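J.: Okay, handing you the structure first.
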Amino acid sequence: MDEEYFDFKEFEESEECLDFENTKNCPHCGSRIPENSLLCLYCGQGAKKGSSPAWIKITAVVLIFIFVLFAFYLLIGYI
Ligand SMILES: [Zn+2]
């Protein structure tokens with residue numbers, strides 16, 4: 001009798017990986033996610049607190065700086 005069977009052991013192990021008893025808010029989308037999950041189940045972002053990499057902030061600042069410079073350049077050009 002070699003019928004296909006549902007691998008309960010594997011299923012239970014995968015369930016135990018996530019602690020649904022203790023949940024926290026995703027820092028990105030605010031959804032309730034397991035305390036020990038590394039990634040948000042809903043938005044897929046990293047769920048570590050303050051995990052937003054420094055390069056994202058630097059890139060944002062640089063982009064804003066370039067945008068301001070560009071706007072300033074256009075403003076002067078039209079005067
Ligand atoms: Zn999220």
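The values are calculated or read from the model by the stated rules, or taken from the named source; none is laboratory data. Here the structure is a predicted model, which means the values were calculated and not measured. Note that each Cβ is placed from the backbone with ideal geometry, even for glycine, and that neighbours are counted across all protein chains shown.
J.: Kindly list, by first and then second residue, each pair from a residue in the stretch 40-62 that is surrounded by 11 or more Cβ atoms within 10 Å (Cβ to Cβ) to a residue that is at pLDDT below 80 and assigned to a loop (DSSP other than H, G, I, E, B), limited to pairs with Cβ atoms under 6 Å and residues at least 6 apart or on different chains.
T.: Hits for this filter: C40/A47.
J.: Which of (1) in a loop (DSSP other than H, G, I, E, B); (2) at pLDDT 90 or above; (3) of a type outside the set (S, T, N, Q) does H28 not meet, given it meets every other one?
T.: The failed condition is (2).
J.: Part of a loop (DSSP other than H, G, I, E, B) and at pLDDT below 80 - does that describe any residue in the stretch 31-42?
T.: No, the stretch 31-42 contains no residue that is part of a loop (DSSP other than H, G, I, E, B) and at pLDDT below 80.
J.: Would you check if there is a residue in the stretch 43-66 being in a loop (DSSP other than H, G, I, E, B), at negative phi, at pLDDT 85 or above and under 24 Å from the mean Cα position of the chain (by Cα)?
T.: There is at least one residue in the stretch 43-66 that is in a loop (DSSP other than H, G, I, E, B), at negative phi, at pLDDT 85 or above and under 24 Å from the mean Cα position of the chain (by Cα).
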